[in-house]
Amino acid sequence: MPAIVSSRLLILVGESLPFGRLLHVSRNACYYHRNVRFLSSYRHEKGPLTLSTLGFRDSRASKESEVDKIRDTRTSKGSEVDNFGQLNPAFEVPKRKAKTVRVKETVVKHFLEIEGAPFAANSFTEIGLPPLLLKRLEEEGFMVPTDVQSTAVPTVLKGHDVVIQSYTGSGKTLAYLLPILSEVGPLKKHSATKEDSGKKKDVEAVIVAPSRELGMQIVREVEKLLGPADKRMVQQLVGGANRSRQEEALKKNKPVIVVGTPGRIAEISAAGKLHTHGCRFLVLDEVDELLAFNFREDMHRILEHVGKKRSMVASQHGNSPRVERQTIMVSATMPISVVRAAMSWGRDPLLVRAKSISPINSASTSGPVTVVNSNSSSDKNSPSQASSESLPPLLKHYYCTARLQHKVDTLRRCVHALDAKFVIVFMNLNRQLKDTVHKLEARGINAAELHGDLNKLTRSTVLKKFKNGELRILVTNELAARGLDIAECDLVVNFDLPTDSIHYAHRAGRTGRLGRKGVVVSICEQHEVFVMKKIQKQLGVAIHPCNFVEGKLVQEEEEKH
Ligand SMILES: Nc1ncnc2c1ncn2[C@@H]1O[C@H](COP(=O)(O)OP(=O)(O)OP(=O)(O)O)[C@@H](O)[C@H]1O
């Protein structure tokens, strides 16, 4: 109920958490989704990338919808083109209003507003998955593919290298796992011939993730899809775990998929215990993080060795049909460094987003590089920016000010005001996490710390306790910012401010996953308010000033300049 508290305080937000599974599907959104699934096409040696070539039924093709009319008008302005890089009028779908930087204006881009419901195709059958995999998806309760899955799965199945970019919690993991499992392992499209079954089985897919937690999470997702009988077909190779046991498992189980951190994969491969030269798929999850300096050597080895034999065969026999390694890169944020890396690591990679596909080189030259309200030219290709496209549409963002010594109390009031049950609190320095945990416990709140200096067992125990509700607050650092999927997380608090909008986006994305509601509150000191304003500007989302009064979150009026 709105109430005036003081001249500065405007709205009483009295919101109650946790939020149920709220999938916001507006009627308009449904209408558009069924009609506009792929809005760009281009010619490639494999033929044009269109709805039908990607295996879609245009269920409403016969109906002349508003969208079709818009499309018709637009196609008549620019005829179909036949060169890579020269797109049909490609309709990008910005989730929020944002300024788009077009470095080279070679292509006329058109934009069509579509509301942000996460589901596009009506069923997994529509996107070309094999029967066994469809059955497993149904058994596990996955009924409808999300937008990014609807776009990515057919594109990967068609053999393209891709960069998959979509907001946090939008289902990017399945977006690459589903096409891989359609091609390799026990659920694949073409069952093994007698000849195949006699052959020594090599690893067919390598999935690289920047942290152990994310690696293990991906392993669990693959195991879930494979089912109990076949879960040994995937092997974790994460750092911190027993290496000789991992090597034993590789030898004994002959997995078709391995998932691991760069260091451990490179280490076991260099020791000759992991054979990846014949590998068909290389996935780089959280690719922008994998570009970090500390991963450089290991990534170099992985990129050199995975699928090496296949590229030699490809160079002997020409490129058709595709035999060399397929590279899939994934992230919610796509700084320009990813565009560059993708162009050098992949073969003509496509940028796949929910409801749009475009050549990656158009991302660096003619958009869609989304830079929000940026005035300075140096901002434009800054590697440290994320856009509103990186954030779930239903998130609410607030900041409040507090003196350093009052931050823990502000945090406590915030948690109570929002009645949040699963809270992730981000801090910047490991050594301060414990102190905050103690202070929270002294105030009667169950909390624990999670950071890289803890051993693997402690880390997984803490995560388990948090997931099953034994802990209300997880106090952590950037370790937990990437990819961690805790569906129930209803509140993220930046106890210390993130260094830039990319870090903000990944931290914020731990809540509001897969269409759920979520709140992000940043607690800053008065002199740090300008940082929040900068992040707000870069992301193109509203971050409202707020306060906690009488057990409620109260949104304050923006200061006028
Ligand atoms: N089609 C679907 N139907 C129902 N649940 C799904 C579907 N696809 C994915 N999920 C679930 O949604 C959650 C979020 O998915 P996922 O972790 O892949 O998101 P993400 O886009 O990779 O997020 P991040 O950018 O944070 O890594 C997971 O729990 C996953 O199991």
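Among residues other than Lys434 with Cβ under 14 Å from its Cβ, the summed charge is -2 (Lys and Arg +1, Asp and Glu -1). Remark: relative contact order (the range 388-555) = 37 percent; criterion is Cα-Cα distance under 8 angstrom and separation of 6 or more residues. Summing +1 for each Lys or Arg and -1 for each Asp or Glu among the other residues whose beta-carbon sits under 15 angstrom from that of Leu137 gives -2.
For the peptides 230-236, 355-361, 452-458, what is the packing order when you average, over each peptide's residues, the other Cβ atoms within 10 Å and list the highest mean first?
Details: 230-236: 20.0, 355-361: 22.4, 452-458: 13.1.
Answer by packing, highest mean first, reads 355-361, 230-236, 452-458.
Around Leu479, what is the net charge, scoring Lys/Arg as +1 and Asp/Glu as -1 over all other residues with Cβ under 13 Å from its Cβ? Present the calculation step by step, with values, prior to reporting the outcome.
On the way: positive: Arg212, Lys456, Arg459, Arg482, Arg507, Arg510; negative: Glu213, Glu286, Glu289, Glu449, Asp453, Glu478.
Every neighbour counted, the sum reads 0.
Placing unit charges on each Cβ (+1 for Lys and Arg, -1 for Asp and Glu) gives the range 388-555 a dipole about its Cα centre, and among Gly452, Ile523, Gln536 the Cα reaching farthest toward its positive end belongs to Gly452.
Please state the equivalent ellipsoid semi-axes for the range 388-555: what are the square roots of 5 times the Cα gyration tensor eigenvalues, largest first, in whole Å? Mind showing how you got there, number by number?
Working: eigenvalues 98, 66, 49 Å².
So the three semi-axes of the range 388-555 are 22, 18, 16 Å.
None of the figures in this text is laboratory data; all of them are computed from the coordinates on show. Since the model is a prediction, treat every value here as computed from it, not as a measurement. Counting neighbours? That spans all protein chains shown, and the Cβs are built from the backbone with ideal geometry, glycine included.
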